[in-house]
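Written below as structure tokens is the structure these notes are about.
Nothing in this text is a laboratory measurement; each read-out follows from the coordinates by a stated rule. Given the structure is predicted, the values throughout are model-derived calculations rather than measurements. Because the Cβ atoms are built from the backbone with ideal geometry, glycine has one as well, and the counts that use them run over all protein chains shown.
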Amino acid sequence: MFRKMLAILILVSLAAMGFAGGGQEEAAPTVDASGNGGFDWRAYEGSTVVFNFPNHVHYNAMMDSGVIEEFEELTGITVETDMMQYLNMHDKQVLEMSKPTGDYDLISMVVMWKSEYAMADMIQPLQPFFDNPALAVPDYDFDDLVPGYVEVTGIAGGENIYRDGPGAQLFGLPFGSETSFLIYRKDLFDEYNVKVPETYDELTEAARFFAEEVPGVYGLTMRAASGHHATHGWLLHASPMGARVFDDNWEPAFTSPEAIETIEFMKTMIEYGPPGMEGFTQDEEFAAFLQGDAAIYLDASVFAARAKDPTVSEVHDKLGFALHPTAKTAGSETGGFGLAIPANAASPEAAFLLMQFLTMKETERKVILAGGAPFRMSAVNDAGLQAQYPEFAVLAEQLKYANPDWRPIIPEWGEINGPLLGTAINQALTGQKTPEQAMADIVEPVRQVMIRAGYIK
Amino acid sequence: MSSHGIAGRKPLNAYLFLLPAFAVLAGVLLIPIVNGLRLSFFDWPLRNISKAPVFVGFRNYVELFRSEFFRASIRATLIFTLSVVSIELVVGTAIALVLEGDIPGLRFFRTLYVLPIMIAPVVVGVVWRFMYHPSYGKINFFLGQMGINPVGWLSDPEVAMKAVIIADVWQWTPFVFLLVLAGLQGVPKDLSEAARVDGANYTQTLLFVKLPHISSVLGLTAVLRLIDSFRSLVVIFNMTFGGPGVTTEVLSLHLYKTAFISQRLGLSSAIAVILLLLIFALSFVLIVRGVRGEKR
């Protein structure tokens, strides 16, 4: 009898502790701040989420900020991290997602793979998760996520497959997303009284000035290596210059005068740039600015945190930020990374909890403080953060001009991006062909891709 | 009658004993090759791997031979392979001849020369990429000290292939050196001594005694290096990833990009078949010539 009573007593006290567990969570700083006390974070306690993400400034900040450990403590879910070079993630992700059950529960994808994954049913639509009250954090405030980032990182199936519109579904959430803006060496611009470029003509003039007039300093740093990097570099300038990859009928449009002019501009920048820039990957583009060799950087906005990091940047205290210069129009990039859940994930619900946790306001702030990039309007427009991060004010303005149709991220983009377009652009940049010839030579191969995929009848 | 019976069973027994070896060969070699050959007649995108491949006949091969980048890739492969194999054979043999005698401290030098083979190709690629870096690389730094302008080692289409060849020669010459040295040590001493007594000078001894003696070793080394360099991927992958343009995009890298970036498994199988045929043809020529040489 005594034994029985003792057993009941233990059971009751255990149950009480279980409820009290919720109370303890409320006491945890993250949950307390978001007021999600009623939400049960521990529903998937004991499960494991395998998370594949890039070695990238934003994800490094995530790791440094301690939010992963916080999530583990809050939920009792174990997070296994798998960090890779960003362009190498694709092969691994496709292989994992082609198996009956993959190793990954949560992936970070470069936005250009979004449609490919979504159309092949490799990643799961997120709406069913958000509709499930047991899984959706009550005050997540989805509408606060930068709308342009959500469209480019997460939405597929609408207009042109990769845009929003009828039939579109949400497949991903922005985390490490970016637009482009200008970072310049304020000390040099001030010393030599050079105007911070607002137009491409002024940009060309500033690059020429530093390359020719200031010893040891070059103009703009840029990625241009054969393949993906050359295409990215070209698209950055193609958008404001009015060049497009396809016309409205999916016919190649990269032989247009604007497209050729964009390559000519890049060739000029190479002339005024650090030696060997025509072979630069993103890492080398960054290094040239961090080492103080280049006076101007015009590319992904997430680089701002690294440029300001005194441990890696020689120029961390000499920076100015400005809008992406305009040519025919104003149009900055939309790209970077988004989080998605593979269709064959072993623990999709736990992965969704982690996905939400990482993109919540409180987590975002911690990641920003560790050197990450903002992805919520509330953070970009926050006066306190703007005072601490001068680039946020520029970013808030730049986002108005971020071009959601910056690149045609159809499922077949991978076949066009590096192997055809990026190779041809690099051939032109390295003088193997004239820009006109290089682009004309890939019209037919690109058309064949589009015919095979059914875009051109 | 009985002897006839035994004679009749003999070949059968022999085949029976061959069976396990054949089964292993079929499992690891024949079946994958036949499957690869079969796949080269299909269209099978990696991103839709769950769907069945579509038969397209010879269309993959037609597409390949129409593709400018594929033709450039064949050209890059031939330039790369023939250059590295010939340079490595000449340099490796020369070093072996120098270090063949009884010089003090020889063992130390032999070990030193062999070190590059032991380094993982990924590391070799990354280290050479750093050394070739236009602004921060050691090579341009030393050139700068001598007043020479920076060279775009990996970005200049005229130079990139040479830069890649230098890295491969650096890594694989020791391999040739090792094999040739072993061959040279197998040359009977009395042969070269007899030649010298007969009044032959060093060049004559080398040309008419030593080299003929090690010709089969040289042939074998050439075949091994040829096959290996045809398939080499990792060093170039890390150094140039095929650039500038497609000037260093050897077939194995073109195959990788076709399979994993363009995601066309059928087309990449067609490249694999062509790569296999090329290696087979070149090795065949060398092996047949080697066998003939031995028979003589």
Worksheet item: Hey, rough spin-label estimate for A:ASP190 and B:LEU207, points 7 angstrom out along Cα→Cβ, what's it come to in nanometres?
Response: 7.5 nm
Item to complete: Per residue of segment A:196-202, in order, report the coupling 6.51 cos²θ - 1.76 cosθ + 1.60 (Karplus, θ = phi - 60°) as ³J(HN,Hα) in whole Hz, putting x for Gly and Pro.
Response: 5, x, 10, 10, 5, 5, 5
Discussion item. If the only charges are +1 at each Lys and Arg Cβ and -1 at each Asp and Glu Cβ, what is the size of the charge dipole of segment B:83-202 around the Cα centre, to the nearest 20 debye?
Written reply: 380 debye
Worksheet item: In degrees from 0 to 90, rounded to the nearest 10, what is the angle of the helix A:228-241 Cα long axis to the longest principal axis of chain A?
Response: 70 degrees
Fill in: Extended-chain gain in nm, criterion 0.36 nm per residue less alpha-carbon gap, A:ASN55 and A:ALA387
116.7 nm
Worksheet entry | Cβ crowding within 10 Å averaged over residues, with A:117-123, A:449-455 ranked highest first | A:117-123, A:449-455
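Could you work out the mean count of beta carbons from other protein chains within 10 Å of each residue's beta carbon in B:236-247?
What the average comes to for B:236-247 is 6.
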Practice prompt. Would you order A:LYS99, A:LYS433 from fewest to most other beta-carbon atoms within 10 Å of each residue's own beta-carbon?
Written response: A:LYS99, A:LYS433
Discussion item. Given the -39500 (n - 2.57) contribution per DSSP H run of 4+ residues, what per-residue ellipticity at 222 nm results for the protein assembly as shown, rounded to the nearest 500 deg cm²/dmol?
Written reply: -16500 deg cm²/dmol
Response to the item:
Counting other chain Cβ atoms within 10 Å of each Cβ in A:274-282 and taking the mean gives 6
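Fully extended, how many nm does the chain gain between A:THR268 and A:ALA253 (0.36 nm per residue separation, minus their Cα-Cα distance)? Mind showing how you got there, number by number?
On the way: separation 15, 0.36 × 15 = 5.40 nm, distance 2.23 nm.
This chain segment gains 3.2 nm when fully extended.
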Worksheet item: Which whole-number percent is the relative contact order of chain B (Cα, under 8 Å, 6+ apart)?
Response: 29 percent
Practice prompt. Quickly work out the A:ASP141-to-B:MET146 label distance, labels modelled 7 Å from Cα along the C-beta direction, and quote it in nm with one decimal.
Written response: 6.3 nm
Item to complete: Scan chain A and hand back the longest stretch that contains none of the GluC sites (Glu not before Pro) lying in DSSP loops with at most 14 other Cβ atoms within 10 Å.
Response: A:160-313
Discussion item. P(r) for the protein assembly as shown, please, calculated from all Cα pair distances in 20 Å bins and given in %.
Written reply: 14, 41, 30, 12, 3, 0
Fill in: Charged-residue dipole, Cβ positions (Lys, Arg, Asp, Glu), segment B:66-295 about Cα centre, Debye nearest 20
480 debye
Worksheet item: Once amide H atoms are placed 1.01 Å from N in the peptide plane, what residues at a sequence separation of 5 or more from A:PHE246, or on another chain, have their amide H within under 5 Å of its amide H?
Response: A:ALA253
Worksheet item: If each Cα of segment B:66-295 is one equal point scatterer, what is log10 of I(q)/I(0) from the Debye formula at q = 0.12 Å⁻¹?
Response: -0.78
Discussion item. Against the empirical 2.2 N^0.38 Å scaling, what ratio does the C-alpha Rg of segment B:15-139 come to?
Written reply: 1.70
Worksheet item: Which residues' amide hydrogens lie under 5 Å from the amide hydrogen of A:PHE175, considering only partners 5 or more residues apart or on another chain, with H built in the peptide plane?
Response: A:PHE337, A:GLY338, A:LEU339
Discussion item. I need the phi-derived Karplus couplings for segment A:157-165: 6.51 cos²θ - 1.76 cosθ + 1.60, θ = phi - 60°, integer Hz, Gly and Pro marked x.
Written reply: x, x, 4, 6, 6, 9, 10, 6, x
Worksheet item: Expressed as a whole number of Å, what is the distance separating the alpha-carbon centroids of segment B:81-112 and segment B:115-190?
Response: 15 Å
Response to the item:
Once the dipole of the protein assembly as shown is set up from charges on Cβ (+1 Lys and Arg, -1 Asp and Glu), the residue from the list A:GLN169, A:THR101, A:SER347 lying farthest towards its positive end is A:THR101
Worksheet, complete the sentence: The answer for A:TYR218, listing residues at least 5 apart or on another chain whose modeled amide H is closer than 5 Å to its amide H, is A:ALA294, A:ALA295
Worksheet item: Under DSSP H, which helices of chain B have Cα atoms covering 27 Å or more of the helix axis and a Kyte-Doolittle average no less than 0.5?
Response: B:2-25, B:68-98, B:160-185, B:265-295
Discussion item. Averaged across B:147-158, how many Cβ atoms of other chains sit within 10 Å of each residue's Cβ atom?
Written reply: 4
Discussion item. Need one number: nm distance between label points at B:TYR136 and A:ASP91, each 7 Å from Cα along Cα→Cβ, rounded to one decimal.
Written reply: 2.5 nm
